Amino acid sequence: MSLINWLKPWILLGSAALMLSACGGGDDPAPPPKPEPTLVDVAKADARFSILVEAVVAADLATTLSGAGPFTVFAPTNDAFAALLTELGVTKEQLLANKELLKTVLTYHVLPARVTKAAVPAGKAITTVQGGIFKVDAVASDLVITDGRNRKAKITATDVAGSNGLIHVIDKVILPANKNLVETAIATPDLSILVEAVVAADLGATLSGTGPFTVFAPTNAAFAALLTELGVTKAELLANKPLLTKVLTYHVLSGRVLKADVPIGTAVNTVQGESLTVDANLDITDRNGRKARITATDVMTSNGVVHLIDKVILPTQ
C-alpha cells in the first residue's frame, strides 16, 4: 500500500473535523434567550399607549419603570389622555412640558407591587407610589376606580404582563386629591352650616392638617333638625364654643376609614373620646341612642375621607 493511500482516511477524518468546527459543532452553547419585555416595552409595542409612553419619557420615569420592580401600572389609553387635555384646558405639549405635574400624575398610576385583578382590594384605600390613595369598586360587571378628586375611571383590561409587573388598562387619567377635608366641605353647598360650625369652633386648622381623619358630615338639613331638637337658633349654637367643639369632634375618627373598613356592630372611638356604633344598614347610633343614616360614603380628600349623614350625632350631655 502506498503512503498516500494509507494517509487518505486520516486526511478525510481531519477535514471532516475541521468542517464541523467551522460550522460550530454540536457542543456549542445555544444563544442566550431574548429578554422578556418590561412594562415600558409592552407599552411601546401597543399603539393605544403612545401618549403614555411620551409622558413617561418626558417625566424621566422610563428607566425606573424598566427596573426590577415589581410594579402595577394603571395605564391610561390615548383617548384617556385626550379627555384629560380637554378637562385641564391644555395642549399635549403643555402637559408634557410640565415635568413636576407629569411625574406626580404618572406615579399616582403606579403601585409598588405586582397586584393582579384577583388581588385588588375592593373598596379599600390603595396607596400609590406618589403617596396618594384611590379605591377600586366592583360595579355590576365592571371594576371602577374612584380617584383622589372623586372622579371615576373604568378598568377595561387587566393583568397584561411584563417582566417586571402588570398593566391594567383604564379609560380615564386618574388624579390625586387637591382638596383637604375643610376645602372639600367648603366646595359642597349642602355642608355650609358644618363649615360655619368648624370655623366657630376653631377646628379649621386641625381638620386641614396632615391627619388622616374620617368625618361623619351632617348636612344642612341635619343641622336644621338639631336646632329644632335643642330649641336654639343657629347663632346661639355657633356661639357655644365648648358645646360645638364637643359635638363636632364626636363626628371625627382618627385615621382614614373607608366604607369597606367601617367596623359593623362594634364601638368606634371618636376624637372626642366617646364611641358610636354603625350597623349593617349604615345607621349610626350615638351615645344617646339616637339614629343617623349614612347617606353618602367615601368622599375622598387629601387628608382623609368624608361620609355624609342625615342627622347630627351627639355625645353624652
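The values are calculated or read from the model by the stated rules, or taken from the named source; none is laboratory data. Just so we're clear, the structure is a prediction, and the values are computed from it rather than from any experiment. Glycine gets a Cβ as well: all are built from the backbone with ideal geometry, and neighbour counts include every protein chain shown. All accessible areas refer to the heavy atoms of the entire protein, side chains included, with ligands and DNA or RNA removed. Shrake-Rupley method; radii C 1.70, N 1.55, O 1.52, S 1.80 Å.
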- Message: Considering only residues that are in contact (Cβ under 8 Å) with a residue 24 or more places away in the chain and either under 21 Å from LEU61 (Cβ atoms) or surrounded by 20 or more Cβ atoms within 10 Å (Cβ to Cβ) (or both), which ones fall in region 132-145?
- Response: GLY132, ILE133, PHE134, LYS135, ILE145
- In region 157-169, which residue that is among the hydrophobic types (A, V, I, L, M, F, W, C) and out of contact with any Lys or Arg (no Cβ under 7 Å at 6 or more places or on another chain) is farthest from LEU39 (Cα to Cα)? ALA157
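Rundown of residues vs (1) of a type outside the set (D, E, K, R); (2) touching a Lys or Arg at 6+ places or on another chain (Cβ under 6 Å); (3) at pLDDT below 95; (4) closer than 15 Å to VAL73 by Cβ, yes/no style:
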residue	(1), (2), (3), (4)
VAL110	yes, no, no, yes
ARG114	no, no, no, yes
GLY148	yes, no, no, no
LYS179	no, no, no, no
- Of SER302, SER275, the only residue that is in contact with a strand residue (DSSP E or B) (Cβ under 9 Å, 6 or more places away or on another chain) and of a type in the set (Gly, Ala, Ser) is SER275
- Within region 146-156, tally of residues that are open to solvent by 50 Å² or more (accessible area, probe 1.4 Å), of a type outside the set (Lys, Arg) and not in a strand (DSSP E or B): 1
- Message: I'd like to verify a number: residues in region 150-165 that are under 13 Å from PRO76 (Cβ atoms) and among the hydrophobic types (A, V, I, L, M, F, W, C), how many?
- Response: 3
- Note on the structure: Scanning region 87-138 for residues that are among the aliphatic types (A, V, I, L, M) and in a helix (DSSP H, G or I) gives LEU88, LEU95, LEU96, ALA97, LEU101, LEU102, VAL105, LEU106, ALA118, ALA119
- Looking at region 287-302, is at least one residue open to solvent by 50 Å² or more (accessible area, probe 1.4 Å), charged (D, E, K, R), in contact with an Asp or Glu (Cβ under 6 Å, 6 or more places away or on another chain) and in a loop (DSSP other than H, G, I, E, B)? yes
- Note on the structure: Those residues of region 58-86 which are among the small types (Gly, Ala, Ser), in a loop (DSSP other than H, G, I, E, B) and under 14 Å from GLY165 (Cβ atoms) amount to SER66, GLY67, ALA68, GLY69
- Message: Quick check on VAL129: is it open to solvent by 50 Å² or more (accessible area, probe 1.4 Å) and either among the hydrophobic types (A, V, I, L, M, F, W, C) or closer than 20 Å to LEU39 by Cβ (or both)?
- Response: yes
- Cβ-Cβ under 7 Å pairs, at least 6 apart or on other chains, region 147-160 side farther than 16 Å from GLY132 by Cα and hydroxyl-bearing (Ser, Thr, Tyr), far side open to solvent by 30 Å² or more (accessible area, probe 1.4 Å) and part of a loop (DSSP other than H, G, I, E, B): THR156/ASP171
- Message: What pairs come out if I take residues in region 77-100 that are under 20 Å from LEU61 (Cα atoms) and pair them with residues that are among the hydroxyl-bearing types (Ser, Thr, Tyr) and exposed (fewer than 15 other Cβ atoms within 10 Å of the Cβ) whose C-beta lies under 7 Å away, six or more apart or interchain?
- Response: ASN78/SER50
